[in-house]
Amino acid sequence: MKTILPNRSSSQPTLIQYTVKRPWKIDGRLLRRLKADNAEEVPLFQTRGTRKYQFNLISEIKSVSDLEVALTEIVRELTLHKPKQFVTIAALSEKFCAYYKQPIKVVMRNVCPDMKLIELLQTMPGLCVQNVDNDWQIRLEADSVE
């Protein structure tokens with residue numbers, strides 16, 4: 001929930017925008033007060049803007065190439081606003097599990113049982129994989145970022 005209020009502490013009429021990330025944790029009196037002060041509520045989906053990139057997630061992973069596409073798309077989504085930022089294997093695994101309702105390890109056992117996840121990621125073109133403090137991190141290669 002975003003709220004826009006007039007700035008009364010300034011001589012110039014301006015608006016102040018507040019973002020409430022967890023509205024269920026806010027006292028109801030504050031919300032009533034904001035509405036009484038003519039606060040404008042902006043739905044959260046309007047504040048994030050539209051995505052320029054349409055993600056191409058495969059509905060069911062049946063092969064290694066399907067898994068590669070899925071992993072690349074998830075890394076692309078995780079790094080959408082910060083393309084040069086690395087993401088951890090944990091973040092990748094969490095997002096994968098959220099999409100496909102099963103851990104990456106289960107899918108790996110089905111489509112490429114002889115490989116480990118990190119081995120697969122290292123062979124994928126378009127991904128940059130590095131080990132930092134015993135934690136594997138991934139990002140898209142600079143030339144594959146749109």
Problem - Loop GluC sites (Glu not before Pro), the stretch 56-144, which have at most 16 other Cβ atoms in a 10 Å radius of their Cβ (DSSP) - result: E60, E141
Practice task
Order the following by accessible area, largest value first: S93, S65, S59. Probe radius 1.4 Å; ligands, DNA and RNA are ignored.
Solution key: S59, S65, S93
Practice task
Mind listing the long-range amide H neighbours of L140? Cut-off is under 5 Å, sequence gap 5 or more, other chains count too, H placed in the peptide plane at 1.01 Å from N.
Solution key: C128
Problem - Using θ = phi - 60° and Karplus 6.51 cos²θ - 1.76 cosθ + 1.60, couplings along the stretch 120-131 (whole Hz; Gly, Pro as x) - result: 5, 4, 5, 8, 7, x, x, 10, 10, 10, 9, 10
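Counting other C-beta atoms within 10 Å, and keeping those with at most 16, which DSSP coil chymotrypsin sites (Phe, Trp or Tyr not before Pro) do you find in the stretch 53-144? If you can, show how the numbers build up before the last one.
Values: sites: Y53, F55, F86, F96, Y99, Y100, W136; in loops: Y53, F55, F86.
The qualifying sites are Y53, F55.
Which trypsin sites (Lys or Arg not before Pro) in the stretch 56-89 pass both tests, a DSSP loop state and at most 10 other beta-carbon atoms within 10 Å?
Qualifying residues, ordered by number: K84.
The values are calculated or read from the model by the stated rules, or taken from the named source; none is laboratory data. Keep in mind it's a predicted model, so treat the numbers as computed, not measured. Don't worry about glycine lacking a Cβ; one is built from the backbone with ideal geometry, like all the others, and counts go over all protein chains shown. Areas reflect the complete protein model, heavy atoms only, side chains present, ligands, DNA and RNA absent. Shrake-Rupley method; radii C 1.70, N 1.55, O 1.52, S 1.80 Å.
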